[in-house]
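We did not get these values from a lab; they are worked out from the coordinates using the rules stated. The model shown is predicted, which means the values in this text are computed figures rather than measured ones. FYI the Cβ positions are ideal-geometry reconstructions off the backbone, even for glycines, and counts take in every protein chain you see.
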């Protein structure tokens, strides 16, 4: 028996399952790629400029570098790491870039132009000239539980932990580890 009248919307439309699966797969893949890109840029690809000549010859004024902001959430800075930090946590300051010399518990002193850590000459990552002005480090400095002593590679032209306005750096003020030079292109590569 046939029903009379109009049949609006009573017929079921068939869903094309393979097309839906394909669309869902694409959406999931795009979300994953965007998440990975965000993590990479935010944690490993944060970019800043070097200000001044305090890290010469390793880093020069106005060079663009990438900062690994993730590494120090799983490990601690080590001697000879090149770190980026805000002095005393001052968010209005530009980023400072310096080399870690002493880590928590170390005793640091500069005498006769050389850096000593725990009474031994510090093993430099690059060759350094004699330091002309030891400032605060003329007397032995014992680093606290969360303190790091940092120096610029251009030791005689660097505002660093030797000076009271910078002092020892707390890990919480570190933005991350400087790890890669992106410009100028002739210096493109990893930071020693």
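If packing is taken as the average count of other Cβ atoms within 10 Å, what order do 72-83, 22-33, 149-160, 115-126 fall into, highest mean first?
My ranking of the peptides, most packed first, is 149-160, 72-83, 115-126, 22-33.
How would you classify the stretch 94-185 from its alpha-carbon gyration tensor, with a ≥ b ≥ c the square roots of the eigenvalues: rounded for a/c under 1.5, else prolate if a/b is greater than b/c, otherwise oblate?
oblate
Rg to Rh ratio, the stretch 8-121, alpha-carbon atoms and Kirkwood radius?
For the stretch 8-121, the value is 1.34.
Working from Cα positions, state the angle (0 to 90°, nearest 10) between the long axis of helix 17-39 and the longest principal axis of the chain.
The helix 17-39 is inclined about 10 degrees to the chain.
Give me the distance in nm between label points sitting 7 Å out from Cα along the Cα-to-Cβ direction at residue 24 and residue 190, one decimal.
Using points 7 Å along Cα→Cβ, the separation is 4.3 nm.
With r as the distance between the Cβ atoms of residue 124 and residue 164 and R0 = 30 Å, compute the FRET efficiency 1/(1 + (r/R0)^6) and round to 0.05.
That gives a FRET efficiency of 0.80.
Beyond 12 Å, what share of the Cα-Cα pairs of the stretch 89-139 is found? Please give it as a whole percent.
Within the stretch 89-139, distances greater than 12 Å cover 69 percent of Cα pairs.
So if each residue of separation counts as 0.36 nm, and I subtract the Cα-Cα distance between residue 38 and residue 114, what length gain in nm does that give?
My answer for the length gained is 23.1 nm.
With all pairs of different alpha carbon atoms counted, what Kirkwood hydrodynamic radius in Å does the chain show?
Roughly 19.6 Å, rounded to one decimal.
Could you check the simple spin-label distance between residue 171 and residue 132, using points 7 Å along Cα→Cβ, in nm with one decimal?
3.7 nm
Would you mind classifying the stretch 29-78 by shape? Square roots of the alpha carbon gyration tensor eigenvalues, ordered a ≥ b ≥ c; an a/c under 1.5 is rounded, otherwise it is prolate if a/b is larger than b/c and oblate if not.
oblate
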